[in-house]
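Structure, as structure tokens:
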Amino acid sequence: MKQKICLVLVLTVAFLALISGAQAAHWISGTVNDAADATPANGHTVIIYYEGENQTNYVSGIIGPTAEQPGLLTNMYMIDAESIPGHTWQTGDVIYAEVINNGDGYTAGPVSMTTTGGGYDVEPTMTLQAAPDTTAPVITNPTATPPSIPADGTTTSVLSATVTDNVGIASVTVNLLSIGGSATTAMTKVGATDVYSVTTTADPATTLGIKSLTVTATDTSANTATSSISLTVTSVPDTFAPSVTNPTATPSTIYANGIATSQLSVTVTDGTGIASVKVDLSAIGGSATTAMTKVGATDVYSVTTTAAPSTVPGTYNLAVTATDSSTNANTNISVSISLTVQALPVTITSVSVENPTASRAQNFTVRIAMSSTVTGWYVVVVSGTASGGEGIAGIGTVYLTAGQSITNMPVLVHIPSQATTGSYSLYAGAYAIGDYPASLASIIDHEGPVTATVT
């Protein structure tokens, strides 16, 4: 910077010596660097002015050596501030400078500085700048080859368009949402040409008809242009079987007692619509074509099942068959629900009421006979209802070892003081102590009814 100031000083002194009346001038000088694209600053016009007056009161000069200022160095300018119309220069004035557009779009500045009492002042250095690119890309020849494809998800069409720009292309995308693709699918430049293309299919769920696929081209200055490619989507025969996924049994293990339940479920999807979903429960005592029901607005189908007492303990793979509205079906063995059936760890062999008639606020004593194959604590629940719906219940616990049988376990069933009089049907149910009361569906065995009367 010191070298530049010295050069300006030398230049100024030499220039003032050549100009008559130099004592009345106050010179503003500065440097303008060439543009980044190597466009030279020399020959461009610089104006100097007071704040806000660049459109009215200003004086101009040319960058670099000219016939009028042959002594100027390359990229430098020198203009007399005393020549600005409507002003008399004074020390402390703020003078602005900028390069104006000569018609080629290049400008620089503005910059400013506060003048001193010397014979000249130097403006901050400027750099020539190209005009902003505001020209959008041009899109021509939007084409689909072939122009028509079926909505089968496999047949392809090549979408293409010719895209040009005065600066450069940053991206070309096409909106494929209407045929099952992305709204910003990228189109790729074809070799050294101006053609951009992408290969697409139409998703099986696509509605039929003519689709207008919007192409968006963006240049390196973020200018955009749009056009559209016309693609016709036609129908195809439905040959696709439903998709069956997520086979689940909740819980995955139940007792072979005809009481404990498991909810079997699968997720089923199809392009045309589901006609039926069935599961083969014949291995656990059910129907080979047990219907599964759609759960609300989801794609999940479910059914609740038990395992018959005669079911041999083990793990069963329950085949699921889904059929769509075009009678396509998945292969039976392709999807199955795994369910484990357990033998009963405890069995209730009999239930009796020691005092089959009792009054309100008293108790029925119910006697339970049971045997165990697995050592552990068990909960026995005795409950029942009258014909009018009134309920009574009692609970007891017992520890049994494997192979042990008992014949006279008492369970007291309290009769509320406001209980309905009349006949009650009582049932006894057995649970593993860890399942009661959190998992009432995990009942192991039950027996009953026996009748008891409230007087």
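Every read-out reported here was derived from the displayed coordinates using simple, explicitly stated rules and does not represent laboratory data. Note that the coordinates shown come from a computational prediction; the quantities given were computed from them, not determined experimentally. Methodologically, a virtual Cβ is constructed for each residue, glycine included, from the backbone with ideal geometry; neighbour enumeration extends over all protein chains shown.
Our compactness index for the range 278-330, the C-alpha radius of gyration over the empirical 2.2 N^0.38 Å, is 1.29. Quick one: grab the alpha carbon gyration tensor of the range 138-234, order the square roots of its eigenvalues as a ≥ b ≥ c, and give me rounded if a/c is under 1.5, else prolate or oblate depending on whether a/b is larger than b/c. Because a/c hits 1.5 or more and a/b exceeds b/c, the range 138-234 counts as prolate. Checking [x] 20.6; [y] 23.0; [z] 45.0 against mean projected area of the Cα convex hull in nm² calculated from these atoms, the matching label is [z].
Between the Cα long axis of helix 2-18 and the first principal axis of the chain there is an angle of about 30°, rounded to the nearest 10. Take every Cα pair under 8 Å whose residues are at least 6 apart in sequence, average their separation, divide by the length of the chain, and the relative contact order is 9 percent. Taking amide H atoms as placed 1.01 Å from N in the peptide plane, list the residues 5 or more away in sequence, or in a different chain, whose amide H sits under 5 Å from that of Ile368. The list, which skips near neighbours in sequence, is Met409, Val411. With neighbour counts taken as other beta-carbon atoms within 10 Å, the residues Met113, Met78 rank, fewest first, as Met113, Met78.
Taking every DSSP beta bridge that has both ends in the range 138-234, the antiparallel portion is near 90%.
For the range 253-263, the Karplus equation 6.51 cos²θ - 1.76 cosθ + 1.60, evaluated at θ = phi - 60°, returns couplings of 9, 9, 8, 7, 10, x, 10, 4, 10, 9, 8 Hz by residue, with Gly and Pro reported as x. Inter-label distance, Tyr427 to Ala205: 4.3 nm, where each label sits 7 Å from its Cα along the C-beta direction.
Here the sum of -39500 (n - 2.57) over DSSP H runs of 4 or more residues, divided by the residues of the chain, equals -1500 deg cm²/dmol at 222 nm, to the nearest 500. Charges were assigned to the Cβ only: +1 to each Lys and Arg, -1 to each Asp and Glu. The resulting dipole of the range 162-276 about its Cα centre is roughly 120 debye. In this rough spin-label picture, where each label sits 7 Å from Cα along the Cβ direction, the Val190-Ser325 distance is 3.9 nm.
Loop-located GluC sites (Glu not before Pro) in the range 52-138 (DSSP state not H, G, I, E or B) with no more than 10 neighbouring Cβ atoms inside 10 Å: Glu68.
For the range 219-226, backbone phi angles converted through the Karplus equation (6.51, -1.76, 1.60; θ = phi - 60°) give residue-by-residue couplings of 8, 5, 9, 6, 6, 10, 9, 10 Hz, Gly and Pro being listed as x. The Cα atoms of the range 346-454 cover 41, 27, 19 Å along the three principal axes, with the biggest extent listed first.
Per-residue extension of 0.36 nm, minus the Cα-Cα distance of Thr234 and Thr248, leaves a gain of 1.3 nm for this segment.
Annotation: amide H-H contacts under 5 Å for Met292 (H modelled 1.01 Å from N, sequence separation of 5 or more, or interchain): Val277, Lys278, Val279.
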